[in-house]
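Taking it in order: structure first as C-alpha cells, then the write-up.
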Amino acid sequence: MVPAPLPYLPPADPRLIDPSTSTDSSVPVPPQPFIRNVSGRTWKAPKKEATNRGQKLKQVPGAAWSKRLEARKKEDAVKKIEKEMKDEKQAEIDRKRTITKERKEKAAEKARLEEMASRMSAKKLQRMKKRLGRSKLVSA
C-alpha cells in the first residue's frame, strides 16, 4: 500500500508577508488548519455546506400552506362549476330522453287502440253480414 503524497506547498513569497506583523515567538499564533479537499486537489477550495437557511428566513411562516389552501379553494370552485354544468347537461339529456319515450309510448298506444277498433269494427261488420244473410235467407 502506497502512502498518500503530501501536497506541495511552495515557500512563502517575502513580498506577501506583512511587515507589521511580528514574528515574535512570545505571542503564540494559532496554526491554520490544513484543509484537504476530498479529491486531494489542494489548490481547489472546499465547497461550503449547502444550506437554505437564508431562503427560509425570508419566507413567511405558513405562506406555502396558505397558497396551497387558496389553490385548493380555486380547484374546488372550478370542480363545483364543472359538476353543475355536467348535471345541467345530463338533466337536459334525460328530459329529451323522457319526452321521446313518452311520445313513442303514446304512438304505440294509439296504434294499439286503432288496431283494436278496426278489429271491433270488422267483427261488428261480420256480425251484421251474418244477420243480413239470415234475413235474406228468411225473406227469399
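The values are calculated or read from the model by the stated rules, or taken from the named source; none is laboratory data. Bear in mind the structure is a predicted one, so any value in this text is a computation, not a measurement. Note: ideal-geometry Cβ built from the backbone for every residue, glycine included; neighbour counts use all protein chains shown. All accessible areas refer to the heavy atoms of the entire protein, side chains included, with ligands and DNA or RNA removed. Shrake-Rupley method; radii C 1.70, N 1.55, O 1.52, S 1.80 Å.
Here ARG68 clears all of (1) over 32 Å from the mean Cα position of the chain (by Cα); (2) open to solvent by 100 Å² or more (accessible area, probe 1.4 Å) except the condition numbered (1). All conditions in (1) open to solvent by less than 100 Å² (accessible area, probe 1.4 Å); (2) modelled with pLDDT under 95 hold for ILE93, with the sole exception of (2).
With the requirement that a residue be modelled with pLDDT of 90 or more and either open to solvent by less than 80 Å² (accessible area, probe 1.4 Å) or touching a Cys at 6+ places or on another chain (Cβ under 7 Å) (or both), what does the stretch 110-120 give you?
Keep residues of the stretch 110-120 that are modelled with pLDDT of 90 or more, which gives 110-111.
Correct list: ALA111 only.
Does any residue of the stretch 58-69 turn out to be at pLDDT 75 or above and of a type in the set (D, E, K, R)? Yes, because at least one residue in the stretch 58-69 is at pLDDT 75 or above and of a type in the set (D, E, K, R).
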